[in-house]
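Below you'll find the structure, written out as structure tokens, and then a few comments.
The values are calculated or read from the model by the stated rules, or taken from the named source; none is laboratory data. Small disclaimer: the values here were computed from a predicted structure and weren't measured. Cβ sites come from the backbone with ideal geometry, for glycine too, and all protein chains shown count toward neighbours. Please note that ligands, DNA and RNA were not included when accessible areas were found on the heavy atoms of the full protein model with its side chains. Shrake-Rupley method; radii C 1.70, N 1.55, O 1.52, S 1.80 Å.
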Amino acid sequence: MNYPKVILKSGKDQSVRRYHPWIFSGAIKKIIGHVNEGDLVYITDNKDEFLAIGHYQIGSIAVRILTFEQKEIDDSFWKEKISSAYNLRKTFGLAENDTNNVYRLVHAEGDGLPGLIIDYYNGTAVLQMHSIGMYLNREHIVQALKDIYGSKLTAIYDKSESTIPFKSKIEAKNGYVYGQSGEPVVLEYGNKFKVSWEEGQKTGFFIDQRENRKLLADYSKNRSVLNVFGYTGGFSVYAMHGGANVVHSVDSSKKAIDLTNENIALNFPDDNRHEAFAVDAFEFLNDIDNKYDLIILDPPAFAKHHNVLHNALQGYKRLNAKAIEKIKPGGILFTFSCSQVVSKENFRKTIFTAAANTGRSVRILHQLSQPIDHPVNIYHPESEYLKGLVVYVE
Ligand code: SAH
């Protein structure tokens, strides 16, 4: 193992010994050997004791750790790691399943592979790399995927253009690295969804809401449902399945609304319970007094950084206060935040303030999180990002 060596300052080895996968630039005492962005580095404490191997990057997170063992980072390393992620999905019934062929295969730090996201869409793997180190290992990753899936894999699409750190010299372009195109219709609990990884947001579909969508179906019978920030209409399809009387989807993006209509037609041809509106959520909510008794609020991350946390919380509060104020008596609200910087406690406090502002009686029925294919690495609490509450408004 002839990697450049990163020696940590005294005391800065503590978090690595507790398996946290990041090393901040301020923790580094010195680097021995020439190191380029994306290179593998060997990490030691200040007494030269081995700690870990990771990818070096310019920026405040200087190293993302791949292993705490002394081993080669070669083809078999990648295959072992990605197989372990695959086996977890398979063991818990997501992979190789008749009613489900969409899942997150690799959830970055959550699966011990910082900087790497792989989503699987019915034969197409979509890669999203957030670090140069991962990007430089693309060939190993592609090989591992081919070995694991064999002929089931029809395509691999790399969508790292906008996720690779913009200051790096690498000019990542989106495109197929294997195959030419894939089957765009996927199955989630038997529901059909058309996914466009080339055009869509993120890797094409918000896989992380699967279990929460399923729960929503149980609450939908005979209700008037409003799905706000609907994107592909995921929650709307489940509400229809659950027996809602009427389902309205709202998204400011016309493309998202077109996709929602397509997905509803795929699952419910000739069913006229659904209507979609390409309008701003805040405006739409002004005019919904007593119209709906099941409302979903799943906005994009309002805060990407801690310095805008306060404004983000204000945004969540305003949004939720409107919904709680206007929902029919006996209504149910499914409300979410996918901002990593908003903690579970902060989110709950925000919904509490929103409820208190309306003066209505509100009870929490469920506290929701992310599903098993978005696992949280216990040593890296930052991998937890999705939180939701289901509340009953009397
Ligand atoms: N609930 C969705 C994911 C939502 S992603 C699912 O289950 O798949 C957030 C969506 O909010 C995006 O589609 C985006 O277009 C939309 N959006 C962002 N700002 C908005 C606004 N002000 N009003 C309405 N929609 C908005």
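Go through segment 271-293 and count every residue that is more than 14 Å from the ligand (Cβ to nearest atom) and either in contact with a strand residue (DSSP E or B) (Cβ under 9 Å, 6 or more places away or on another chain) or in contact (Cβ under 8 Å) with a residue 12 or more places away in the chain (or both).
9
Residues in segment 15-23: is at least one among the aliphatic types (A, V, I, L, M) and within 31 Å of the chain's Cα centre (by Cα)? Give the steps one after another, and end with the answer.
Filtering segment 15-23 for residues among the aliphatic types (A, V, I, L, M) gives 16, 23.
In the following step, the residues that additionally are within 31 Å of the chain's Cα centre (by Cα) were identified as 16, 23.
Scanning segment 15-23, I find at least one residue that is among the aliphatic types (A, V, I, L, M) and within 31 Å of the chain's Cα centre (by Cα), so the answer is yes.
Among the residues of segment 77-98, is any in contact with a Lys or Arg (Cβ under 8 Å, 6 or more places away or on another chain) and farther than 24 Å from ILE378 by Cα?
Scanning segment 77-98, I find at least one residue that is in contact with a Lys or Arg (Cβ under 8 Å, 6 or more places away or on another chain) and farther than 24 Å from ILE378 by Cα, so the answer is yes.
How many of the residues making up segment 183-211 are of a type outside the set (A, V, I, L, M, F, W, C), within 8 Å of the ligand (Cβ to nearest atom) and open to solvent by less than 10 Å² (accessible area, probe 1.4 Å)?
Keep residues of segment 183-211 that are of a type outside the set (A, V, I, L, M, F, W, C), which gives 183-184, 188-192, 194, 196, 198-204, 208-211.
Within this subset, residues satisfying the condition of being within 8 Å of the ligand (Cβ to nearest atom) are 201, 209.
Narrowing the set further to residues that are open to solvent by less than 10 Å² (accessible area, probe 1.4 Å) leaves 209.
The total comes to 1.
Which one is farthest from the ligand (Cβ to nearest atom) among residues in segment 212-261 that are within 18 Å of LEU389 (Cβ to Cβ) and among the β-branched types (Val, Ile, Thr)?
VAL225
Give segment 113-163 a look and list any residue that's open to solvent by less than 10 Å² (accessible area, probe 1.4 Å), touching a residue at least 60 places away in the same chain (Cβ under 8 Å) and touching a Lys or Arg at 6+ places or on another chain (Cβ under 7 Å), or say none.
PRO114, GLY115, ASP119, GLY123, VAL126, SER131, GLY133, ALA144
Limited to segment 295-346, what total is found for residues that are closer than 15 Å to GLY388 by Cα, out of contact with any helix residue (DSSP H, G or I) (no Cβ under 6 Å at 6 or more places or on another chain) and more than 14 Å from the ligand (Cβ to nearest atom)?
7
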